[in-house]
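A.B. asks: This is the structure, below, for whatever I ask next.
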Amino acid sequence: MLLEIGIALLKIIVVFALALLTVAYLTYIERKVIGHMQVRMGPMRVGPHGLLQPIADGLKLFMKEDIVPYEAYRFTFYFAPILTLVTALILFAVIPFDKHFAITRLNIGVMYILSIASVGVLGILLAGWASGSKYPILGGLRSAAQMLSYEIFLGFSIIGALMISGSLDLVKIVESQHVWNIVYQPVAFVIYIIAALGEINRVPFDLPEAETELVAGFHTEYSGMKFAYFFLAEYANMIIVCSMATILFLGGWRGPVLPGFVWFLIKLFALIYFFIWVRATFPRYRYDQFMKIGWKIMLPIVLANIVVTGVVMMMVQGG
Amino acid sequence: MDEIRGLVVTEEGLVEQDLMRDTLTKEMWVNMGPQHPSTHGVLRVVLALEGERIVDTEIYIGYLHRGFEKFAESKTYPQFLPITDRLDYISAHAMNYGYVLAVEKLMGIEVPLRAKYIRTLMAELTRISSHLLWLATHALDIGAMTVFLYCFREREMILDLFEMVCGARLTTSYFRIGGVANDLPDGFIEKCREFCNIFPQKAKDYDDLILKNRIWLARTINVANISGEEGLNLGLSGPSIRGSGVKWDIRVSEPYGVYDKVEWEMAVEDGCDVYARYLVRLKEMRESCKICQQCLDFLEKDDSGEFRAKVPKVIKPPEGEAYACVEAPKGELGFYIVSDGSTKPYRLKIRAPSFANLMSLPKMVEGALVADVIAAIGSIDVVLGEVDR
């Protein structure tokens with residue numbers, strides 16, 4: 001009993017420490033990768049090749065003055081970033097990095113992730129509303145519409161993969177993929193990636209925090225550690241959606257020769273690299289165009305994809 | 001809010017009335033600027049929003065007002081020249097050009113051919129650098145981050161060239177009444193030639209990123225429309241009006257410098273939208289590059305060394321008035337000088353293109369979305385140093 005609790009605690013500590021470290025260094029990786037794409041160096045000053053930059057950033061944010069606007073709703077204003085970060089971090093609990101390495105194995109892992117992720121949206125909504133200022137309100141409104149609708153497509157796009165795997169258990173989903181799901185579900189994979197970009201507010205769908213339009217969107221009024229929470233949550237969410245894509249479409253830890261978690265990380269970082277690449281390449285969509293793409297183009301496609309998957313599965317299994 | 005009639009249960013039974021009667025919807029006033037990441041300086045635009053749609057726009061200017069026109073009255077003619085650098089501080093050569101042309105017109109000075117070629121070369125390099133900065137910030141406003149840095153890479157080369165000729169990179173003050181400050185330094189022509197040769201290839205990078213990009217097209221086509229007629233009525237000029245199909249370029253209609261001796265094409269587009277103005281400026285950069293090449297051809301062969309006309313030590317124009325205008329990167333830049341025969345202008349009026357262009361912003365964003373305002377401000381390319389003077 002004690003041993004089990006001990007092991008569980010150890011796992012939690014390892015996963016969270018790694019997750020936080022990865023999240024922090026993801027900011028470094030992003031700056032470096034984008035820097036090199038844009039004919040510049042990225043961080044170079046703190047440590048060799050700027051390797052200590054995330055730590056310096058963290059320290060700086062930690063020591064900043066904690067400003068609360070006069071018009072803000074105090075409690076909600078403090079609560080929103082915590083909610084966003086906590087929901088982003090507890091998602092790591094069910095991600096299987098290897099066959100036997102996950103904090104916990106839920107038989108409804110996919111449901112867990114989708115439901116917790118939608119609570120995370122609340123944090124952004126609350127942040128926009130609680131700031132008591134105009135640009136955050138606009139940002140909050142945008143994110144409300146954007147994230148709520150894009151969660152629908154995100155949910156629909158993974159249904160095809162779930163139908164083939166026949167389970168909501170993340171471990172079983174990976175185990176059932178003798179051939180990666182992306183082969184059977186290419187359309188769903190593309191839609192998933194687009195919806196994921198929308199869900200985690202990244203270019204070309206970074207409307208809630210479009211800095212050139214809304215200053216900084218929902219986190220305009222946030223500074224210091226509260227801002228850092230949003231920042232960490234954003235990158236944690238990026239890791240989560242990429243892990244989900246790896247598990248659902250790219251066969252998770254499966255791969256020859258190398259150990260499982262190495263394969264998992266390779267696939268994960270390939271996707272993350274793609275996300276960063278997209279940021280360096282594309283302009284930003286306008287709010288109304290973005291909603292139009294979602295409801296008028298993506299929704300019919302995902303629905304059709306589900307129908308086609310169902311019909312084909314019936315034919316294969318029936319015959 | 002429109003009236004929506006429906007049945008409502010009241011004390012007197014079912015009554016038909018306006019359902020929105022007690023609903024209060026207010027437009028929200030948002031202050032965009034003077035501290036906003038994409039108003040390019042200290043422009044302040046106050047927007048009345050209904051949701052994200054714009055109902056009203058008001059522009060407040062004057063945050064950078066330095067009183068240049070009054071200032072000119074207490075400075076001698078040569079002393080005012082460096083001040084003109086600070087008008088449109090990213091295209092200083094063009095600002096100098098407008099001023100010296102007006103003074104030369106007042107005094108009837110004939111400028112040597114070599115000086116004219118050097119001036120034209122500088123003005124066109126300035127145009128490229130100004131348009132590069134515009135493309136960089138415009139693309140950044142719309143979210144394309146990488147274009148920003150690519151443009152700065154090439155702009156840096158132009159600034160290096162400016163540094164070669166006059167030591168300064170931004171506020172150059174290279175022009176003089178009657179010519180330019182000094183002849184081109186050794187090695188300048190080769191370096192400039194190198195730039196002109198590689199620029200078209202480098203410019204392809206920007207096209208690769210955004211010219212046919214679906215998102216870019218969605219954000220710019222049919223956004224911030226203004227017809228040629230409306231534009232003319234509001235005093236729109238330069239690349240902004242040429243994007244609305246109006247063939248009006250000072251370099252063609254009233255040629256100065258050597259624009260009538262070199263071969264180039266005026267860039268005109270009929271789109272009337274942000275995309276058309278983008279295409280116009282893209283083409284202008286390439287045309288400017290061609291003009292530079294031809295100027296270099298002449299300067300290479302020419303060995304007269306006459307870079308300045310013989311002008312009196314003390315600049316003292318006769319009594320009278322003169323207006324001279326040039327096609328600055330932003331549009332028609334005019335200087336109107338009234339002289340009372342002394343060493344200082346009696347009155348100097350600057351027709352700044354950005355100031356006039358800015359006035360068509362409310363027209364462009366009527367009923368548009370917040371994101372379109374950003375695209376519109378970017379597309380008319382204002383520089384606040386020039387708006388506020």
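The values are calculated or read from the model by the stated rules, or taken from the named source; none is laboratory data. Note that this is a predicted model, so its numbers are computed, not measured. Reconstructed Cβ throughout: ideal geometry from the backbone, glycine too, with neighbour counts over all protein chains shown. Surface areas here come from the heavy atoms of the whole protein model, side chains and all, with no ligands, DNA or RNA. Shrake-Rupley method; radii C 1.70, N 1.55, O 1.52, S 1.80 Å.
A.B. asks: Can you check what the net charge comes to around A:Pro96, using other residues whose Cβ is under 15 Å from the Cβ of A:Pro96 (Lys, Arg +1; Asp, Glu -1)?
C.D. replies: Taking every Cβ under 15 Å from that of A:Pro96, the sum is +3.
A.B. asks: Something else now. Taking the Cβ of B:Arg114 as the center, what net charge do the other residues with Cβ under 15 Å away carry, scoring Lys and Arg +1 and Asp and Glu -1?
C.D. replies: Taking every Cβ under 15 Å from that of B:Arg114, the sum is 0.
A.B. asks: Still on this structure, please answer the following. Can you give me the distance in nm between label points at B:Leu232 and A:Met44, each placed 7 Å from the Cα along the Cα-to-Cβ direction?
C.D. replies: 5.3 nm
A.B. asks: Still on this structure, I have one more. On C-alpha positions alone, give me the angle between the axis of helix B:188-206 and the longest principal axis of chain B, in degrees, nearest 10.
C.D. replies: 20 degrees
A.B. asks: Once a ≥ b ≥ c are taken as the square roots of the eigenvalues of the Cα gyration tensor of the range A:203-298, is the result rounded (a/c under 1.5), prolate (a/b larger than b/c) or oblate (a/b not larger than b/c)?
C.D. replies: Working: a/c = 2.77, a/b = 1.57, b/c = 1.76.
Since a/c reaches 1.5 but b/c is at least a/b, the shape of the range A:203-298 is classed as oblate.
A.B. asks: What is the distance, in nm, between label points placed 7 Å from the Cα along the Cα-to-Cβ direction at B:Glu27 and at B:Tyr63?
C.D. replies: Placing both labels 7 Å beyond Cα along the Cβ direction yields 2.2 nm.
A.B. asks: Would you list A:Met314, B:Met164 from the most to the least accessible area, probe 1.4 Å?
C.D. replies: A:Met314, B:Met164
A.B. asks: Ignoring ligands, DNA and RNA, please state the percent of accessible area on the protein assembly as shown from carbon and sulfur, probe 1.4 Å. Working shown, then result.
C.D. replies: On the way: 18880 of 30330 Å².
Roughly 62 percent, rounded to a whole number.
A.B. asks: Estimate the FRET efficiency between B:Val46 and A:Leu258 by the formula 1/(1 + (r/R0)^6), using the beta-carbon distance for r and 56 Å for R0, to the nearest 0.05.
C.D. replies: So the FRET efficiency works out to roughly 0.40.
A.B. asks: Ranked from the most accessible area to the least, with a 1.4 Å probe and all protein chains present, what is the order of B:His40, A:His100?
C.D. replies: A:His100, B:His40
A.B. asks: Taking amide hydrogens as modeled 1.01 Å from N in the peptide plane, which residues meet the under 5 Å criterion relative to A:Gln38, leaving out close sequence neighbours?
C.D. replies: none
A.B. asks: Using the Karplus equation 6.51 cos²θ - 1.76 cosθ + 1.60 (θ = phi - 60°), what ³J(HN,Hα) coupling, rounded to whole Hz, does each residue of the range A:57-72 give in order, writing x for Gly and Pro?
C.D. replies: With the stated coefficients, the range A:57-72 comes to 4, x, 4, 4, 5, 5, 8, 6, 5, 8, 9, 10, x, 4, 8, 6 Hz.
A.B. asks: Between the range B:38-86 and the range B:197-227, how far is it from one alpha carbon centroid to the other, in angstrom?
C.D. replies: 28 Å
A.B. asks: Return the calculated 222 nm mean residue ellipticity for chain A, to the nearest 500 deg cm²/dmol, obtained by summing -39500 (n - 2.57) across DSSP H runs with n ≥ 4 and dividing by the residue count. Provide the component values of the computation, followed by the final result.
C.D. replies: On the way: 13 runs with 221 residues, N = 319.
Computed ellipticity for chain A at 222 nm equals -23000 deg cm²/dmol.
A.B. asks: Quick one: helix A:134-165 against the long Cα principal axis of chain A, what's the angle to the nearest 10°, folded into 0 to 90?
C.D. replies: The answer is roughly 20 degrees.
A.B. asks: Checking an interface number: how much accessible area is buried between B and A, summed over both chains, with a 1.4 Å probe, in Å² rounded to 100?
C.D. replies: When B and A are taken together, about 2600 Å² of accessible area is lost.
A.B. asks: Per-residue Cβ counts within 10 Å, from other chains only, averaged over B:213-221: what number is that?
C.D. replies: 4
A.B. asks: Same structure again: Amide H neighbours of B:Arg176 under 5 Å, counting only residues 5+ apart in sequence or on other chains, H built in-plane at 1.01 Å?
C.D. replies: B:Ala181
A.B. asks: Follow-up. With the cut-off at 1.5 for a/c, could you classify the range B:68-387 from its C-alpha gyration tensor as rounded, prolate or oblate? Walk me through the numbers before you get to the answer.
C.D. replies: Details: a/c = 2.05, a/b = 1.35, b/c = 1.51.
In terms of gyration-tensor shape, oblate.
A.B. asks: May I pose another question? Only protein chains counted, 1.4 angstrom probe. Which residues of the range B:131-153 are at least 40 Å² less accessible in the assembly than when their chain is isolated?
C.D. replies: Buried on complex formation: B:Gly143, B:Met145, B:Thr146, B:Leu149.
A.B. asks: I need the phi-derived Karplus couplings for the range B:265-282: 6.51 cos²θ - 1.76 cosθ + 1.60, θ = phi - 60°, integer Hz, Gly and Pro marked x.
C.D. replies: Listing the rounded values in order: 10, 7, 8, 9, 10, 9, x, 6, 10, 4, 5, 4, 5, 5, 4, 4, 5, 4 Hz.
A.B. asks: Return one number: the angle in degrees, 0 to 90 and rounded to the nearest 10, between the long axis of the Cα atoms of helix A:260-281 and the longest principal axis of the Cα atoms of chain A.
C.D. replies: Rounded to the nearest ten degrees, it is 50.
A.B. asks: What's the average, rounded to a whole number, of partner chain beta-carbon atoms within 10 Å of each residue's beta-carbon in B:352-365?
C.D. replies: Values: counts 0, 0, 0, 0, 0, 0, 0, 0, 0, 0, 0, 0, 0, 0.
Mean shielding count: 0.
A.B. asks: What is the mean number of Cβ atoms from other protein chains located within 10 Å of the Cβ atom of each residue in peptide A:34-41, rounded to a whole number?
C.D. replies: The per-residue average across the peptide is 3.
A.B. asks: What ranking, highest mean first, results for peptides B:200-210, B:231-241, B:372-382 when packing means the other Cβ atoms within 10 Å averaged over each residue?
C.D. replies: B:372-382, B:231-241, B:200-210
A.B. asks: For the pair B:Lys212 and B:Asp186, what calculated FRET efficiency results from E = 1/(1 + (r/R0)^6), where r is the Cβ-Cβ distance and R0 = 41 Å, to the nearest 0.05?
C.D. replies: Step by step, r from the Cβ atoms, then E = 0.45.
A.B. asks: May I pose another question? Can you give me the accessible area per residue for chain A, using a 1.4 Å probe, in Å²?
C.D. replies: Here the residues of chain A average 45 Å² of exposed surface.
A.B. asks: Oh, and also: Pick out, in residue order, every one of the GluC sites (Glu not before Pro) in the range B:71-118 that is DSSP loop and has at most 16 other C-beta atoms within 10 Å; say none if there are none. Walk me through the intermediate numbers first.
C.D. replies: Numbers: sites: B:Glu73, B:Glu104, B:Glu110; in loops: B:Glu73, B:Glu110.
Taking the range B:71-118 and a limit of 16 other Cβ atoms within 10 Å, the loop GluC sites (Glu not before Pro) found are B:Glu73, B:Glu110.
A.B. asks: While we're looking at this one, here's another question. Taking H placed 1.01 Å from N in the peptide plane, check which residues at least 5 places from B:Asp56 or on another chain put their amide H under 5 Å from its amide H.
C.D. replies: B:Ala48
A.B. asks: Got a sec to turn the phi values of the range B:171-183 into Karplus ³J(HN,Hα) couplings, 6.51 cos²θ - 1.76 cosθ + 1.60 with θ = phi - 60°, whole Hz, x for Gly and Pro?
C.D. replies: 8, 7, 6, 8, 7, 10, 5, x, x, 10, 5, 8, 6
A.B. asks: Per residue, how big is the convex hull of the protein assembly as shown when only Cα atoms are used? Give it in Å³.
C.D. replies: 242 Å³
A.B. asks: Additional query: Measuring from label point to label point, each 7 Å out along Cα→Cβ, what is the A:Ile90 to A:Ile266 span in nm?
C.D. replies: The answer from the label model is 3.5 nm.
A.B. asks: Multiplying the sequence separation of A:Ile82 and A:Lys134 by 0.36 nm and subtracting their Cα-Cα distance, what value in nm do you get?
C.D. replies: Result for the pair: 16.5 nm of gain on full extension.
A.B. asks: Quick one: length gained pulling B:Val9 to B:Ile198 fully straight, 0.36 nm per residue minus the C-alpha distance?
C.D. replies: 60.4 nm
A.B. asks: If B:Lys70, B:Lys75, A:Lys226, B:Lys191 are ordered by their accessible area, calculated over protein heavy atoms with a 1.4 Å probe, which sequence runs from highest to lowest?
C.D. replies: Solvent-accessible surface, decreasing: B:Lys70, B:Lys191, B:Lys75, A:Lys226.
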